[in-house]
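Below you'll find the structure, written out as structure tokens, and then a few comments.
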Ligand code: SF4
């Protein structure tokens, strides 16, 4: 049965999306999950979410999708042990060594290969499966037939994105942000934060969305270059994903407003339930007006957030982070 996996950028958001109909929620410990720390959670908050999840029989996923330095691995594993004890049933991870270490320690937890692992082809999926991953994000360019074949052949659970954004580069491999603004900080637990590098405990400044020009040999060729950053919308694919047997349908957005995320989850809960109970072929036309409203709200919020992140990158503005020491 497919589970709706929703973002928890705060305790309130985690509880709100679970009450709105998500079966699973993901949260990120401060400095470990590719977001501005304001949208990550300290351990007390994670414990609260785990306690709530256990009481309601919901799945809690913890994102450790940065690349840890060797010196950070023991601290990461201590946190993993603690979260498992509190009831977390799985982790979202990127780094192969860290994944293998968590798998050796906790044979029964789920491990999702994060989209930041940049899984592109069948060999990548097989590699991550063999080191202990149980769920992989479906590469976005695959047809439904290919997704079905991958699932049957490779024996992994699948996760698809219903709402997200497609990076101009490969997410997890992009270094552009840290060229612009790369400051160092540390959490009060001594986790290193290379701000400007989401892969190393910071966050992306979304510099690809800034104003770019193209020059060649000191000649201006184009004074307004736009790099694509396309919204992923899996709405129309929900019936096909359910028929294929995809295990997780994910909505991204820890940094969005609570009300938008709750409305988004409520909307997709209805869409999924409609698909599960309707004969084929399914019409989703009655959902279209609400979808357009949600997309408009999402795009407006995302644009505001992008401008704020860009401003930090180019103006060296105060850091939009909390709970850290410079
Ligand atoms: S700079 Fe742009 S392409 Fe690179 S990770 Fe950030 S949003 Fe993605």
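The numbers here are math on the coordinates, done by the rules we state, and not lab data. Just so we're clear, the structure is a prediction, and the values are computed from it rather than from any experiment. In this analysis, Cβ positions are derived from the backbone assuming ideal geometry, glycine residues included, and neighbour counts consider all displayed protein chains.
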Between the modelled labels at residue 182 and residue 224 (7 Å from Cα along Cα→Cβ) the distance in nm is 3.2 nm
So if the hydrodynamic radius of segment 53-177 is defined as the Kirkwood radius over C-alpha pairs, what does Stokes-Einstein give as its diffusion coefficient at 20 °C and 1.002 mPa s, in µm² per second? 139 µm²/s
DSSP-defined antiparallel bridges as percent of all bridges, the chain, nearest 5: 35 percent
Within a Gaussian network of the chain (alpha carbon springs, distance under 10 Å), most fluctuating of 187, 134, 226: 226
Under the classification rounded if a/c is under 1.5, otherwise prolate if a/b is larger than b/c and oblate if not, where does the chain fall, given a ≥ b ≥ c as square roots of the Cα gyration tensor eigenvalues? rounded
Using per-residue counts of other Cβ atoms within 10 Å, averaged over each peptide, order 34-43, 97-106 from highest down. 34-43, 97-106
For the chain, with a Gaussian network of springs between Cα atoms less than 10 Å apart, report the residue from 222, 243, 273 with the top mean-square fluctuation. 222
In nm, the gap between the two label points placed 7 Å beyond Cα toward Cβ at residue 169 and residue 258 is 3.6 nm
Computed lengthening from residue 276 to residue 311, 0.36 nm per intervening residue step minus Cα-Cα distance: 8.2 nm
Computed helical MRE - 222 nm, the chain, DSSP H runs ≥ 4 contributing -39500 (n - 2.57), nearest 500: -12500 deg cm²/dmol
Consider a paramagnetic label point 7 Å from the Cα of residue 189 along Cα→Cβ; state which residues of segment 13-36 have an amide N under 12 Å from it. 28-33
Euclidean distance between Cα centres, segment 52-92 to segment 261-315, Å: 28 Å
Sticking with the crude label model, points 7 Å out along Cα→Cβ, report the distance from residue 70 to residue 141 in nm, one decimal please. 3.6 nm
Segment 183-256 to segment 100-127: how many Å between their Cα centroids? 21 Å
Stretched fully, the stretch from residue 105 through residue 121 gains (0.36 nm per residue minus C-alpha distance, one decimal, in nm) 3.0 nm
